1. Of the heavy-atom accessible surface of the chain (probe 1.4 angstrom), what whole percent is carbon and sulfur?
2. How far, in nm, would the chain grow between residue 115 and residue 71 when pulled straight, counting 0.36 nm per residue and subtracting the alpha carbon separation?
3. Who wins for biggest fluctuation among 29, 187, 321 in a Gaussian network model of the chain, springs between alpha carbons below 10 Å?
4. Could you tell me whether the chain comes out rounded, prolate or oblate from its Cα gyration tensor? Rule is a ≥ b ≥ c as square roots of the eigenvalues, rounded for a/c under 1.5, then prolate if a/b exceeds b/c, otherwise oblate.
5. May I ask which of 210/420; 5/218; 269/299 have a Cα-Cα span longer than 21 Å here?
6. Under the rule that a partner needs its Cβ under 4.7 Å from the first Cβ, which Cys of the chain have none?
7. Under a crude label model (7 Å from the Cα following the beta-carbon direction), how far is residue 156 from residue 287 in nanometres?
8. Spelling out what I want: for every residue of region 186-199, take phi, set θ = phi - 60°, compute 6.51 cos²θ - 1.76 cosθ + 1.60 (Karplus), and round to whole Hz; glycine and proline get x.
Amino acid sequence: VQMLKNNVVQEQFYSNTFGEYSFDANSGDTLDVRIDTTGLPYLVACPSNSVHHEILTSTDSIHTNVNFGIQQYGVDALVNNIYGRFRPTQNSIVKINAGDRGNQFNFLESAYGGTVSTTFSGPVQYVSAASGALVPSAVVGNTLTYTIADFTTLSASAFDILLKTDTTAPIGSAVCITTKISNIAGDINPTNDSLTMCFNVVNSFDPNEKTVYPQNAKAGDWLTYNIQFQNTGNDTAFLVVVKDTLSANLDAASFTLLGASHEAITQIKGNVVTFTFAKINLLDSLHNEPASHGWIQFKIKLKNGLPNLTKTTNQAAIYFDYNPPIFTNIATNQIAPLAINNYSAANAAIKVYPNPTNTYFTIQHNMQGAVTAKLFSVDGKMVYSTSLQNAKQVIDVSSLSDGVYTLEVSTNQGLRIVEKVVVRK
């Protein structure tokens, strides 16, 4: 729900499970209140113009029962969020929220089925379905497949899995997970049917942390932020509040909550996002380490027009009960120094394998004209460049450090294809 003044969003609020919300306003304000249905299969059926126009006065400064009626108009299968944390030798629960959007809000729908696949890469191995989750219909290598008869009956944790991180996994190496829904009849928004998230392997870490994916992007791209927190005190935390002051480079109006470990009241005022976990009852790590963790995941857009090499930094403050705040690290994203294109049909012209790799990879292409291959590190520096003399050429990366690199293959005719290459020794 959004509150606007002079057509500018002032505050945003994610309602609780009862549909309740609230805003702070001033006497004398003239405001519009609306529900943001962008990209959602919902219509505002009431009020008829979809907006409540509210005028506050000194004698009428509190308005209540500003209600909306919502109607669903189609099927929307989606992959909403993927979350995991990976440490050598440990089993990690990967939360994969995928399925029917209508069922998330308890709308009644006709049954419909389809296929879900999850593919992972990096120094991890599949262990099993998580407790209470579905068992895959098939497991082939690093791909799990599920055949679903009725998405509307699934819980939010139906596709959660356990992955074990290799004992020798280097700190900072990438674990990437892709979940995709397919074979859905009448899906009104196929653009949200697939999601990829990458996470770095950690070890001996500060449990209160903020991360961003991807770390390189271009102006106007979506960024996904994860905030992790842990109660490392010696007693239960009854209230946890997380405050995140968004960078001026981010479009606060595009903020989209993807998921959280516990139910939170989420409110955005200007560029400050507040997550209030009331009655969270988060146990302390001394008495119950697994139950002492919490997390938040949201996405937000970089503003258009940001110049190359612009850095976007963000830090969160975490309050446990009434203690002073604990600050996370600063998560940094940088506008890539080259125009990194989204994956497109053009990528069919190139194959890169093996990927991940430890010593070399092969580029196979069917591009015409003079073809050049360049590798860029995450900080935007070019670390390798060569002309491709053959349709299949081996690239030696044995001298490069572990990490995720951007491969740009381009021609003198203006075609440019971008892939991610993971180097793991």
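The values are calculated or read from the model by the stated rules, or taken from the named source; none is laboratory data. Nothing here was measured: the structure is a model prediction, and the numbers come from that model. Methodologically, a virtual Cβ is constructed for each residue, glycine included, from the backbone with ideal geometry; neighbour enumeration extends over all protein chains shown. For accessibility, only protein heavy atoms count, side chains too; no ligands or nucleic acids. Shrake-Rupley method; radii C 1.70, N 1.55, O 1.52, S 1.80 Å.
1. Percent of accessible area from carbon and sulfur atoms in the chain: 51.
2. 13.2 nm
3. It is 29.
4. It is prolate, given that a/c is not under 1.5 and a/b is the larger ratio.
5. Flagged as over cut-off: 210/420; 5/218.
6. Result for the chain is 46, no neighbouring Cys Cβ within the cutoff.
7. 2.5 nm
8. These are the phi-based 3J(HN,Hα) values: x, 5, 7, 9, x, 5, 9, 7, 9, 8, 10, 10, 10, 10 Hz.
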